Amino acid sequence: MSSEVQFIRPVQLATMLRDPQQQGKTVVLDVREDDYEGGCIRGAIHKPHAENFHDGDAVNKVIDEHLNSPSTERVVVHCMMSQVRGPRSAKALASALEKRGRAGQPAVLVLSGGWESFSAAYRTDPDLIQPL
């Protein structure tokens, strides 16, 4: 089983989210917990790491609820800085998808620099940032 996850830069995610031809193809999962503040990526699904990635059943529930659309090509996971929770959550998702015979369907990516980097670059863009 491959536990390696790939990273995506904020500019790459912003480009995907702005592209009308990419609409519905990217799911953004925000796994921040008590540091869920200052806004979020517009359209992101908030699934705190501790509650949703602690065991296989919880991870499978996230997949069933949010990653079963045939149009979803990728899921981008992030926490505040995407150093611990984001990569761990992404690895759990990738592993669970692989166990279901869906390795890479959708592709699981981690937002490099997390919310901190994305919000620093796009904080004034209402198309990309949603205030809380």
Inset, instruction - Identify all lysines with a Cα-Cα distance to Lys91 below 18 Å; exclude those on the same chain that are fewer than 8 residues away in sequence. - result: Lys47, Lys61, Lys99
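Out of the GluC sites (Glu not before Pro) in segment 21-124, which ones are loop residues according to DSSP with at most 12 other C-beta atoms within 10 Å? Intermediate results must be reported in sequence, preceding the final value.
Working: sites: Glu33, Glu37, Glu51, Glu65, Glu73, Glu98, Glu116; in loops: Glu33, Glu37, Glu73.
Loop-located and lightly packed - Glu37.
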Inset, instruction - Figure the gain on full extension for Arg102 and Gln12 (residue separation times 0.36 nm, minus the Cα-Cα span) and round it to one decimal in nm. - result: 30.0 nm
Legend entry - Computed accessible area, His46, all protein chains, 1.4 angstrom probe, square angstrom: 70
Legend entry - Residues with amide H under 5 Å from that of Ile129, placed H, sequence gap 5 or more: Arg42
Inset, instruction - Compute the acute angle (0 to 90°) between the alpha-carbon long axis of helix 85-99 and the principal axis of greatest extent of the alpha-carbon atoms of the chain; round to the nearest 10°. - result: 40
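Explain nothing, just the number: dipole magnitude of the chain about its Cα centre with +1 on each Lys and Arg Cβ and -1 on each Asp and Glu Cβ, in debye rounded to the nearest 20. Don't jump to the answer; show the numbers that get you there.
On the way: 15 positive and 17 negative charges, 78 e Å.
Approximately 380 debye in magnitude.
Using only DSSP helix segments of four residues or longer, with each worth -39500 (n - 2.57), what per-residue ellipticity at 222 nm results for the chain after dividing by its residue count and rounding to 500?
On the way: 5 runs with 48 residues, N = 132.
Only helices count here, giving -10500 deg cm²/dmol.
Please give the per residue accessible area of the chain, computed with a probe of 1.4 Å over protein heavy atoms only, in Å². Let's see the in-between values first.
Working: 6910 Å² over 132 residues.
Normalised by residue count, the accessible surface of the chain is 52 Å².
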Inset, instruction - May I have the pair-distance distribution P(r) for the chain, computed from all Cα-Cα distances with 5 Å bins from 0 and rounded to whole percent? - result: 2, 11, 23, 25, 21, 12, 4, 1, 0
Legend entry - Acute angle (nearest 10 degrees) that the helix 56-66 long axis makes with the longest principal axis of the chain, alpha-carbon atoms: 50
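Net charge within 12 Å of Met80 by Cβ-Cβ distance, Lys/Arg positive one each and Asp/Glu negative one each, not counting Met80 itself? All intermediate terms of the calculation are to be shown ahead of the outcome.
Details: positive: Arg32, Arg85; negative: Asp30, Glu33, Asp34, Asp35, Glu37, Glu116.
Around Met80, the surrounding residues sum to -4.
The values are calculated or read from the model by the stated rules, or taken from the named source; none is laboratory data. Only a predicted model underlies this, so the values are computations on that prediction, with no experimental measurement involved. For neighbour counting, all protein chains shown are included, and Cβ atoms are generated from backbone atoms with ideal geometry for every residue, glycine included. To get the accessible areas, we keep the full protein, side chains included, count just its heavy atoms, and leave off ligands, DNA and RNA. Shrake-Rupley method; radii C 1.70, N 1.55, O 1.52, S 1.80 Å.
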